[in-house]
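The values are calculated or read from the model by the stated rules, or taken from the named source; none is laboratory data. Note that the coordinates shown come from a computational prediction; the quantities given were computed from them, not determined experimentally. Here Cβ is always computed from backbone atoms with ideal geometry, including for glycine, and neighbour counts include all displayed protein chains.
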Amino acid sequence: MRLRMTAAINPNSARHAVRHLEGSAPQSERAAPQSVLPPAEFLVIEADQHGTYLFRYTRKGDFAGDTWHATTDDAIAQAEYEFGIIRTDWRQVPPEVEDVIRYVLSGASRDGTQAC
């Protein structure tokens, strides 16, 4: 079973303890220039039998980084370290939602509760 959760980042309390880069590692044979990804404004956790990804996105839904974690608890701990997001800040994404980013950007689920 797939688990999906979202959380908004409070810009006033976010730690932004980690900088996320795109491009290849400098020591790579195919080194590509690295650039800093934009600051994240909301998070998505997606977990399945292969592990858990913590995705970061801007307010516009642009990609702002990701990390793989062995467990959902590890991903939640990483979000707390980076942004001060605690376990109770996370909201489950209903199983019928196909596009999590669109769901978050819409601001509300079908029952009127906040998506993040």
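Give me the pairs, please: first residue somewhere in the range 88-101 and touching a residue at least 40 places away in the same chain (Cβ under 8 Å) and within 16 Å of Y57 (Cβ to Cβ), second residue anywhere and of a type in the set (G, A, S) and assigned to a loop (DSSP other than H, G, I, E, B), beta-carbon distance under 8 Å, and either six or more positions apart or on two chains. So the pair list comes out as R91/A115; V93/A115; V97/S109; I101/G61.
Across the range 69-83, which residue is farthest from A7 (Cα to Cα) among those that are of a type in the set (A, V, I, L, M) and surrounded by fewer than 21 Cβ atoms within 10 Å (Cβ to Cβ)? This residue is A70.
Here V97 passes the criteria (1) among the aliphatic types (A, V, I, L, M); (2) closer than 22 Å to P39 by Cβ; (3) out of contact with any Leu (no Cβ under 7 Å at 6 or more places or on another chain); (4) at pLDDT below 95 except the one numbered (2).
From the list D62, D66, D48, pick out the single residue that is acidic (D, E), loosely packed, with under 14 Cβ neighbours inside 10 Å, in contact with a strand residue (DSSP E or B) (Cβ under 8 Å, 6 or more places away or on another chain) and in contact (Cβ under 8 Å) with a residue 12 or more places away in the chain. Selected residue: D48, the only one of D62, D66, D48 that is acidic (D, E), loosely packed, with under 14 Cβ neighbours inside 10 Å, in contact with a strand residue (DSSP E or B) (Cβ under 8 Å, 6 or more places away or on another chain) and in contact (Cβ under 8 Å) with a residue 12 or more places away in the chain.
Only one of the numbered conditions (1) hydroxyl-bearing (S, T, Y); (2) modelled with pLDDT of 95 or more; (3) within 16 Å of A8 (Cβ to Cβ) is violated by S109, and that is (2).
Among the residues of the range 31-50, is there at least one that is modelled with pLDDT under 95 and in contact with a His (Cβ under 7 Å, 6 or more places away or on another chain)? Yes; the residues of the range 31-50 include at least one that is modelled with pLDDT under 95 and in contact with a His (Cβ under 7 Å, 6 or more places away or on another chain).
Looking across the range 38-93, the residues that are assigned to a helix (DSSP H, G or I) and acidic (D, E) come down to D73, D74, E80, E82, D89.
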